[in-house]
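Structure first, commentary second.
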Amino acid sequence: MSIKLVLYCILIPFCIWVMTATNLDKAFKKNSIMQIHCLYLIISLCLSYLLVNFFMDIYNTVSLL
């Protein structure tokens with residue numbers, strides 16, 4: 001199994017958990033729960049992608065030393 005896949009499996013739930021701590025409900029119209037959940041999911045996926053690439057860059061840099 002690829003280390004990237006493992007990192008994604010760890011970081012996607014972590015990012016979703018972190019995003020639920022934010023209160024974006026006030027930025028949206030009332031009764032737009034589905035849009036808020038979609039935004040949480042999109043932001044979480046983008047954040048996890050950035051974190052995985054960051055950790056992989058660190059891993060590759062350290063392995064070259």
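Scanning region 1-57 for residues that are β-branched (Val, Ile, Thr) and not in a helix (DSSP H, G or I), which turns out surrounded by the most Cβ atoms within 10 Å (Cβ to Cβ)? Checking each candidate, the answer is Thr20. Leu47 meets each of the listed conditions (1) over 19 Å from Ile58 (Cα atoms); (2) touching a residue at least 12 places away in the same chain (Cβ under 8 Å); (3) among the hydrophobic types (A, V, I, L, M, F, W, C) apart from (1).
Here, each number is a calculation from the coordinates, and none is a lab measurement. Because the structure is predicted, anything quoted here is derived from the model rather than measured. Quick reminder, even Gly has a Cβ in these numbers, built from the backbone with ideal geometry, and neighbours come from all protein chains shown.
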